[in-house]
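Below: the structure, in structure tokens.
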Amino acid sequence: MKIFILTFFFSMGIVFSSEKSLVQWKDYSNALQASAQDQKLVFVFATAKWCLNCRAMEKTLFQDPFITNTLNTRFHPTQIDIDSEEEIQCDGHLMSTKKCFSGIWKLNSIPSFLVIAPKGLSILSISQSLQLAQMRLLLNELLNKEKEWIHE
């Protein structure tokens, strides 16, 4: 039975991936600082080491040329591990990533996505796995709203 399960996951390419992400993920704190300077939105991918859907998204969404180019040029993309006890700034509070995820941002599942304005406040959160077309639509909508959110 164990061999069948491992074979299944390997054939799906979910457990281990040798592909390097094309997204230029930044450290969360550095992304916030850069956002404050250049007024780009911060795009946060909330994940965990044990999240199979997150790994699948890394192999599909974050390999797509439109998505990776948009994230790398129009946002400050960053990943956070929701199980981390590292202290980060979240909506004006300094606390562990784990507490920011559930306490401040009120997220309860992964994968989750956050958009943070240059002033450091979250303006959008989504808790669900996204398909390629959904992520493309989301990024286009974010770009359409970008000026409105940045100047509020």
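All of the numbers you see were taken from the coordinates with simple rules; none came from a lab. Predicted, not measured: the structure shown is a model, and the values here were computed from it. In this analysis, Cβ positions are derived from the backbone assuming ideal geometry, glycine residues included, and neighbour counts consider all displayed protein chains.
The figures follow:
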| item | result |
| --- | --- |
| Crossing angle, helix 28-38 versus the chain [Cα axis fit, 0-90 degrees, rounded to tens] | 40 degrees |
| Interchain or long-range residues, amide H under 5 Å from Cys90's placed H | Met95 |
| Mean separation of Cα contacts under 8 Å (6+ apart) over length of the chain, as relative contact order % | 26 percent |
| Tensor-based shape of the range 91-152 (alpha-carbon gyration tensor, a/c under 1.5 rounded, otherwise prolate or oblate) | oblate |
| Ordering of 135-146, 116-127 by burial proxy (mean other Cβ atoms within 10 Å per residue, highest first) | 116-127, 135-146 |
| In sequence order, calculated HN-Hα J values of the range 123-132 (Karplus, 6.51, -1.76, 1.60; Hz; x Gly/Pro) | 10, 7, 9, 9, 10, 5, 6, 10, 8, 3 |
| Average silhouette area of the range 65-110, convex hull of alpha-carbon atoms, in square nanometres | 3.9 nm² |
| Stokes-Einstein diffusion coefficient of the range 19-150, Kirkwood radius over Cα pairs, 20 °C, 1.002 mPa s, in µm²/s | 146 µm²/s |
| Karplus-derived 3J(HN,Hα), 6.51/-1.76/1.60, for each residue of the range 49-54, Hz, glycine and proline x | 4, 8, 7, 5, 4, 5 |
| Dipole of the chain, positive direction: furthest Cα of Ile110, Val42, Ala133, with charges on the beta-carbon | Ala133 |
| Neighbour-count ranking [beta-carbon atoms within 10 angstrom, fewest first] of Val44, Val115, Val23 | Val115, Val23, Val44 |
| The range 19-150 - charge dipole about Cα centre, Lys and Arg +1 at Cβ, Asp and Glu -1, debye rounded to 20 | 220 debye |
